Each structure stands twice: as structure tokens, then as C-alpha cells.
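Structure record follows, encoded as C-alpha cells.
The values are calculated or read from the model by the stated rules, or taken from the named source; none is laboratory data. As the structure is a prediction and not an experimental result, all values here were calculated from the model. So basically every Cβ, Gly included, is an ideal-geometry build from the backbone, and we count neighbours across all protein chains shown. Quick note on the areas: whole protein, heavy atoms, side chains included, nothing else; ligands and nucleic acids left out. Shrake-Rupley method; radii C 1.70, N 1.55, O 1.52, S 1.80 Å.
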Amino acid sequence: MRAPETTEIEVEAEPIEAGNEAGENEAGNEAGENEAEAAADGAVGEKGSSTRSRRVVRAGRLSGLWRPRRVVAALAILALCAGGGYAGWKLYENRVVDQAEQQAVATAKDYAVTLTSIDSGSIDENFAEVLAGATGEFKDMYSRSSSQLKQMLVDNKATSKGVVIDAGVKSASPGRVEVMLFVDQSITNTASPEPRVDRSRVVMTMEKVDGRWLASKVDLP
């Protein structure tokens, strides 16, 4: 294994005043160390100089002292970057979910009116609109029962008009939102020519399909 490379740096020492006992001791110790270093590296001091000496310091020894600090600083920077990235991602995700909630609730409210507003005189158009706003389980169920339901509405000359009183979000993700709606439905038919108001709580599951919010499930809990 190769020994780590070191860089030699010459450092000038300050003059040592004679008569300072502590300074002489310290200088003597330091001079001894410097002479050992100089002998090892082939360094030679100036001749006849009693007040100045040159010492050789290996930069490799000093650089090792700084490495832990550099590692800690690098780790701190990485932690800050990771924390900032996570916070940024969460902010973006929250913004996406908020946008999904707004779009899904608006679509669910319009669809609830379509679903609860039927005129036996234009039954085919009503059913086409309901199917156009549906997907998945709910679309399959409504399609299977549409023929029987149409006939019943026509026979009874039924009409209804729905109004959404309030709506809120039960759960939400970027592609799926559960919306709870409170709907008043005014109904008339041959058996009840005077309007009767039915108040319903509807849980509608909205799913985003090809950029459109569609009802995949409609429950009356």
C-alpha cells in the first residue's frame, strides 16, 4: 500500500529573544523537533543565523485534522438538501390533491343534479347524460337497469329535479376522490301530482379517467 502523499510547507519562525527562560525552553524543544524534521527531509537552515530558523511542516498531517469537519459539513448539506427535497415534494403533492378535490367536488355536484333530474318526456337524453358521466361499477350497473328504469318512469309520467344543498370530501388522492353530497330532490308522478321533496345523502366516488372526473360508485348510506 502506497504511503499517503504529503506536501511540505516552509513556515518562518519568529525571532527568539535571549534571556527569556520559558521562551528558550520552548524554542529549544521546537528547534529539536525542527532539526529532526529537517534532517529527515534534507532541509538545511541558513548558516550563522542565531535569531531565525526555518521549520518544515508536513501538510498531510494537518489536512487530516480538517477531514472530520469537512465530512460533517457535507453530511449537513446533504441532510438539508434531502429535507428540502422532501418538503418540496410534499408541498407539490398537497397542491395536486387540493386541485383534485376541487375538480372532483365540482364535477360531482353537477353530476348529482344530472342523476336526480329526470323528465319522462326526454328520458333517452337523460339516460345518455347519466351514462356519459359514469365509469366502472356504476356505469355497468346503470346500463343493466336502464331499460327497466326507463319504462317505469314513462309509465308513471315521473319527473324529478335535484338540487345539491352541500358537498364535502371524505377522502382524496390525485386520481380518486370520495365526495359526500346532500341533495334535495323534488318528485312528481301520476300517483303524487304535487311535488314531494326527498332529501338524500349521497356518497359519490369520483375517478379521473383520461383527464375527466367520472362517477365510478354511487351509494345512498
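Miscellaneous remarks
- Taking the numbered list (1) at pLDDT 95 or above; (2) crowded, with 18+ Cβ neighbours inside 10 Å; (3) closer than 13 Å to Leu115 by Cα in turn, Met206 passes all entries but (3).
- Strands (runs of 3 or more DSSP E) wholly inside segment 103-221 that include at least 3 residues being under 26 Å from Glu93 (Cβ atoms) and β-branched (Val, Ile, Thr): 196-209
- Residues of segment 162-197 satisfying the condition of being farther than 22 Å from Glu101 by Cβ and loosely packed, with under 11 Cβ neighbours inside 10 Å: Thr190, Ala191, Pro193, Glu194, Val197
- Unique residue being of a type in the set (D, E, K, R) and in contact (Cβ under 8 Å) with a residue 24 or more places away in the chain when the list is Arg144, Arg176, Arg196, Arg201: Arg176
- Any hit, segment 127-137, residues being at pLDDT below 65, open to solvent by 50 Å² or more (accessible area, probe 1.4 Å), touching a Lys or Arg at 6+ places or on another chain (Cβ under 8 Å) and of a type in the set (D, E, K, R): no
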